[in-house]
Amino acid sequence: STYISKIEPVTTTIPGSEESEVRALSSVTRVNWPTKVIAPITYEFKGRVSPIQFGAEVKLQHFVSGKWRTIAKTQTNGSGTWSVEWENPNAGKYQVRIAATNKKGTVKTSATKISVAGKLKLTVPASAKKGKKATISGAVSPATPGVKVTLERKIGNSKWKKITSVTTDAKGKWSTVRTMPNTASKVYFRVTTSHDKLGKLKSSVKSLVVK
């Protein structure tokens, strides 16, 4: 009888194949760097490597404690494009870059400064009656529960005075009812907060006329 032994596959790199023709990367282009302060929610970076190639590793990095540290990474597709998410960064100022690597080496973008911060909104009525109550309200963005917000007031040309602190609800909103002065006047309000996720924030100044 004749027996056929198991045939072992042979792997070789064929001249002209994708593996043998990996070209050195020259640059990372078309990155959608933010042009203004971004909210502390997930931000998706996109771009392309040149020359176009599949499978290059792309890293999103930020500079901290004297070193470049990787936040997230991905790979390029067949068009040489890529996307990578920066998930829910805390408020702050960052130096960020993109690094792309293949078998021939690594290329990097220059460092780009990015600011991350939330927003603080204040709403007051246009007017109120002397000695009566008025509702002052607002919200933080992105909606964040449990944020302590401090309300400040200034009557006429007097100094700013902290009058109360409130906490945002499940939808990031807050409100408080305040008694107006007993004399006709113009009253100014502003709110402030300091929060790890949202940052140190101050609203615009809003005013109401007490009649």
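The values are calculated or read from the model by the stated rules, or taken from the named source; none is laboratory data. Everything numeric here is computed off the predicted structure, so don't read it as measured data. Methodologically, a virtual Cβ is constructed for each residue, glycine included, from the backbone with ideal geometry; neighbour enumeration extends over all protein chains shown. To get the accessible areas, we keep the full protein, side chains included, count just its heavy atoms, and leave off ligands, DNA and RNA. Shrake-Rupley method; radii C 1.70, N 1.55, O 1.52, S 1.80 Å.
Numbers below:
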{"read-out": "Modelled FRET efficiency - R0 41 Å, residue 141 with residue 75, Cβ distances, 0.05 increments", "value": "0.75"}
{"read-out": "Dipole moment magnitude, nearest 20 debye, the chain about Cα centre, only Lys, Arg, Asp, Glu C-beta charged", "value": "2280"}
{"read-out": "Protein-only accessible surface order, largest first, of 196, 169 at 1.4 Å", "value": "196, 169"}
{"read-out": "Residue 71 - accessible surface, heavy atoms, 1.4 Å probe, Å² rounded to 10", "value": "60"}
{"read-out": "Exposure rule at most 12 other beta-carbon atoms within 10 Å, DSSP loop GluC sites (Glu not before Pro): the chain longest free segment", "value": "88-211"}
{"read-out": "Coil-residue chymotrypsin sites (Phe, Trp or Tyr not before Pro) of region 26-74, DSSP, other Cβ within 10 Å capped at 15", "value": "54"}
